[in-house]
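Here's the structure, in structure tokens; my notes come after.
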Amino acid sequence: MAKQVSPADTWRIVIWGGVADIVIGFGLAVAGLADLFGPDLEILALVGAIIAAVGLGIVLWGRKKLSEADNRRGDLN
């Protein structure tokens, strides 16, 4: 049988997804401000900032849920 994935492992994956969102959003914001995709694309910088903010929210939410998952004791079946 395959090993079951613990809730803590699941929340760690969610946190890494949030970190990826932050990196992608920050990259879009910098590229939009530096005119790497062409002139007059400041809206791309705004979209990148929103994606980074959502990623930060995912990281904070995931850390909260991870601490809750680590505090569970006993048999949950």
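The values are calculated or read from the model by the stated rules, or taken from the named source; none is laboratory data. This one's a predicted model, so the numbers in the text were calculated from it and none came from an experiment. Glycine also receives a Cβ, built like all others from the backbone with ideal geometry; neighbour counts cover every protein chain displayed. Areas reflect the complete protein model, heavy atoms only, side chains present, ligands, DNA and RNA absent. Shrake-Rupley method; radii C 1.70, N 1.55, O 1.52, S 1.80 Å.
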Item to check | Computed lengthening from Q4 to V23, 0.36 nm per intervening residue step minus Cα-Cα distance | outcome: 3.8 nm
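Using the per-residue mean of other Cβ atoms lying within 10 Å as a proxy for protection, in what order, highest first, do the peptides 60-71, 10-21 fall?
Working: 60-71: 13.6, 10-21: 15.6.
With the highest mean Cβ count within 10 Å placed first, the list reads 10-21, 60-71.
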Item to check | Computed E for D70/A31 - FRET, C-beta separation, R0 35 angstrom, nearest 0.05 | outcome: 0.40
Next on the checklist: Between 0 and 90 degrees, rounded to the nearest ten: what's the tilt of helix 42-70 against the longest Cα principal axis of the chain?
Outcome noted: 10
Checklist entry - Rounded to the nearest 500 deg cm²/dmol, what is the calculated helix-only ellipticity per residue at 222 nm for the chain, with -39500 (n - 2.57) per DSSP H run of length n ≥ 4? => result -26000 deg cm²/dmol
Item to check | V47 versus V14: modelled label distance in nm, points set 7 Å from Cα along the beta carbon direction | outcome: 2.7
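Can you give me the accessible area per residue for the chain, using a 1.4 Å probe, in Å²?
Details: 5860 Å² over 77 residues.
That works out to 76 Å² per residue.
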Checklist entry - Considering the chain, what Rg and Dmax in Å follow from its alpha-carbon atoms? => result 17.6, 59
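Could you check how much of the accessible area of the chain is carbon and sulfur, as a whole percent, using a 1.4 Å probe? Walk me through the numbers before you get to the answer.
On the way: 3900 of 5860 Å².
The computed percentage sits at 67.
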